[in-house]
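*Asks:* I have a structure here, written as structure tokens, and I will follow up with some questions on it.
The values are calculated or read from the model by the stated rules, or taken from the named source; none is laboratory data. This is a predicted model, so every value here is computed, not measured. These accessible areas exclude ligands, DNA and RNA; they are computed on the full protein's heavy atoms, side chains included. Shrake-Rupley method; radii C 1.70, N 1.55, O 1.52, S 1.80 Å.
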Amino acid sequence: MPTAPVSPPPPSSTPAAPVWPASAQEVPGGGGLAVGGVPLGEIADRFGTPVYVMDEDEVRARARAWRTALPGADVAYAGKAFLSRAMIRWIEAEGLSLDVCSAGELELAAHSGFPAERIVLHGNAKSPDDVRAALRLGVGRIVIDGTGEIARLAALVPPGARQRVLLRVVPGVSAGAHAAVRTGVEGQKFGVPVAGGEAEEAVERLLGQPRLELAGLHCHLGSQIAGLGPYVTAVRRLVPLLARVRDRHGVTFPELDLGGGFAIAYREGDPAVDPRTYAERIGSELDLQCARFGLPRPRLTVEPGRWIAGPAGVALYRVLSVKTTAARTFVAVDGGMSDNPRPALYGVRYTVRLAGRTSVAPGRTVTVVGRHCEAGDVLAEDVELPGDLRPGDVLAVPASGAYHLSMASAYNLVGRPPVAAVSGGRARLLVRRETLDDLRSRDVGE
């Protein structure tokens, strides 16, 4: 069993956020790395590679961190980051709500026994099936993304019933690590702009629908946001909107959902949001602005997804080849952009280390590439790995618990990897590997 913790990064003026799960330890005797008390080499042998490893205790601890920091708030796990029956049960046990974006995610939650009243349904283009499933199951809140949804949703609510809704607004705040994930600014597909009065018009239309109960406002600024400034700016723009609604309609909303997008570390030294600091800074700003406008403080909702799931996951690959050219050395593994499209989509850079054994060989700079027929199928560029790396070695990529399986594909008919959970020295399968039989069964022929 492992006994020695992974060596910490060198000291820095800014504390580095964790890249590996807290349980990550070196295995004595040169056995590589373990997570959750289970050597990663053993997991690779047992479940095959590629495989995602989820540390259950890390997930739970990170969920509790938000609940502890914001005891009076509603903490809704953003299921789009990673969702499975086990994940749903873990977050329910930790007292979180659940944020979903489709009937598929909603039905999985329902079949897992998650309380419907603690579910929030998002989406800029909800299908009739999405809405009908939400109404049938009795979800707690549906987020209205545009004025065109108002009448359509109201028409589907049964006579005599009322559906609680939030209005997603765009506060005009630019935040996020990549242009493709900046959702708090005008000119993208989400929400109703605050500037120009469109949000106030949407509020008026919602208040005129007897089958809809408008409980408050919602916004989401983007993804991988490391600083708190954008959230402060959002509060400063949304509280005045709440005040204008009160003055015009005599309505005081009880809820304010500021979304998620909280950054995690993908490489040593990367910054990340701290829940306690967020709670202190944003809570103080919300109190200040509400006092300024004579409003009672609304109940705050936050939606951490990546922050909870990402650092709890480690992806394992097996080396297939090591190729040295005049320009660089390529280490090819048995996965790639089908199980992690984020480097190709967003230019994300990851940490990689040898996991199945310990090496004392001098390091060399390599590029870890995938098996797919794309020049852009690169998992990690210019990383240092032992010079004696060879085919069959197991590599581990931390911070792989969010937006890996949920964005995975069957490109080249490879099939999506399984998910194994670890805790207390034991590993168990959560999601099985997608097989060739699975892929063939969808092809019904001519």
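*Asks:* What number, in percent, do you get for the relative contact order of the chain if the mean sequence gap of Cα pairs under 8 Å and at least 6 apart is divided by its residue count?
*Replies:* 20 percent
*Asks:* Can you list residues whose amide H is under 5 Å from V273's amide H, if they're 5+ apart or on another chain and H is modeled 1.01 Å from N?
*Replies:* Excluding prolines and chain starts, which carry no amide H, the hits are A263.
*Asks:* For the range 281-384, max minus min Cα coordinate along each principal axis, in Å, sorted largest first?
*Replies:* Between the extreme Cα coordinates on each principal axis of the range 281-384 lie 67, 33, 23 Å.
*Asks:* What area, in nm² and to one decimal, does the C-alpha convex hull of the range 286-337 cast on average over all directions? The partial results should precede the final answer.
*Replies:* On the way: hull surface 30.9 nm².
Over every viewing direction, the Cα hull of the range 286-337 projects on average to 7.7 nm².
*Asks:* Another one. Round to a whole number: what % of the accessible area of the range 83-164 belongs to carbon and sulfur, probe 1.4 Å? Could the numbers behind the result be given before it?
*Replies:* Numbers: 1700 of 3290 Å².
Solvent-exposed carbon and sulfur of the range 83-164 make up 52 percent of the total.
*Asks:* Compare K80, K126, K323 by solvent-accessible area with a 1.4 Å probe and give them largest first, with all protein chains kept in place.
*Replies:* K323, K80, K126
*Asks:* Here's another thing I want to ask about it. Between the alpha-carbon centers of the range 29-51 and the range 221-262, tell me the distance in whole angstrom.
*Replies:* A separation of 44 Å, based on Cα centres.
*Asks:* Near the amide H of D257, under 5 Å away, which other amide H atoms are found, from residues 5 or more places off or on another chain, if H is placed in the peptide plane?
*Replies:* So D257 has HN proximity to L217, H218, C219, T301.
*Asks:* Let me ask something additional. Mean projection of the alpha-carbon convex hull of the range 11-121 over all orientations, in nm²?
*Replies:* Taking a quarter of the hull surface, the average projection is 9.8 nm².
*Asks:* Could you work out which residue, out of R306, R244, R168, moves most in a Gaussian network model of the chain, that is, has the largest mean-square fluctuation with Cα springs under 10 Å?
*Replies:* Top of the fluctuation ranking is R244.
*Asks:* Averaged per residue, what accessible area in Å² does the chain show with a 1.4 Å probe, protein chains only?
*Replies:* The answer is 42 Å² per residue.
*Asks:* Calculate the length of the line joining the C-alpha centroid of the range 106-137 to that of the range 292-346, in whole Å.
*Replies:* Here the answer is 26 Å between Cα centres.
*Asks:* With no solvent and one point on each alpha carbon, what is the Debye value of log10 I(q)/I(0) for the chain at q = 0.11, 0.13 Å⁻¹?
*Replies:* Log-scaled intensity ratios, in q order: -0.88, -1.16.
*Asks:* Could you compute how much accessible surface S321 exposes when probed at 1.4 Å, giving the result in Å² to the nearest 10?
*Replies:* Per-residue accessible area (S321): approximately 50 Å².
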